[in-house]
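Enquirer: Supplied in structure tokens, the structure appears directly below.
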């Protein structure tokens, strides 16, 4: 009788473990889509004269890759006046408008349009609303 109770308990235990294991399994494949990223820039000058253009070299690095992920760029100028372009011959960005980034290494060109200090922020955002902010500040060089 003890043996029969032990066998029944053993069978119940095995069934409980199997049920737990099977209920913990998920038939759907978990595919990671959102990865962390960073944007590195080369050093830029601290001063700029009116109508002078500064090149800002940028490299976007990801911790993983998802083929449907894409990046956008936008900027906002806090002080001073200037123009920011993607590529040397690109059109000047409009503040806070989003522009598509097709390459992970790119160059921005900032042209000063005022005789005062200038501060602006560049925001790079991916498809999953993760963003990196870059702030640039240039002191004005006054021409005599």
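Enquirer: Counting other C-beta atoms within 10 Å, which of 114, 102 has the fewest, and how do the rest follow?
Expert: Working: 114 15, 102 9.
Fewest-to-most ranking of 114, 102: 102, 114.
Enquirer: May I ask you to derive the FRET efficiency for residue 52 and residue 123 from their Cβ-Cβ distance with R0 = 22 Å, giving the value to the nearest 0.05?
Expert: Details: r = 24 Å, r/R0 = 1.09.
Working from the Cβ atoms, E equals 0.40.
Enquirer: Sort 88, 104 so that the residue with the fewest other Cβ atoms within 10 Å of its own Cβ comes first and the one with the most comes last. If you can, show how the numbers build up before the last one.
Expert: On the way: 88 10, 104 13.
Ordered by Cβ neighbours within 10 Å, fewest first: 88, 104.
Enquirer: Sort 108, 101 so that the residue with the fewest other Cβ atoms within 10 Å of its own Cβ comes first and the one with the most comes last.
Expert: On the way: 108 23, 101 18.
Placing the least packed residue first, the sequence is 101, 108.
Enquirer: Continuing with the same structure: Remind me, relative contact order of region 37-141 in percent, using alpha carbon pairs under 8 angstrom and six or more residues apart?
Expert: 35 percent
Enquirer: In nm, to one decimal, how far is the modelled label at residue 98 from the one at residue 135, with both set 7 Å along Cα→Cβ?
Expert: Calculated label separation equals 2.4 nm.
Enquirer: How many nm separate the modelled label positions at residue 114 and residue 142, each set 7 Å beyond the Cα in the direction of the Cβ?
Expert: Calculated label separation equals 1.6 nm.
Enquirer: Rounded, prolate or oblate for region 37-141? Axes are the square roots of the Cα gyration tensor eigenvalues, ordered a ≥ b ≥ c, and the cut-off for rounded is a/c under 1.5. Each step should come with its number before you reach the end.
Expert: Details: a/c = 2.14, a/b = 1.99, b/c = 1.08.
Prolate, because a/c is 1.5 or more and a/b exceeds b/c.
Enquirer: Throw me the Rg/Rh for region 91-133, computed over C-alpha atoms with Kirkwood Rh, two decimals.
Expert: On the way: Rg = 12.5 Å, Rh = 12.7 Å.
With Rg and the Kirkwood Rh in hand, the quotient comes to 0.99.
Computed from the coordinates by the stated procedures, all read-outs in this text should not be read as laboratory data. Just so you know, these numbers come straight off a predicted model, no measurement behind them. Glycine gets a Cβ as well: all are built from the backbone with ideal geometry, and neighbour counts include every protein chain shown.
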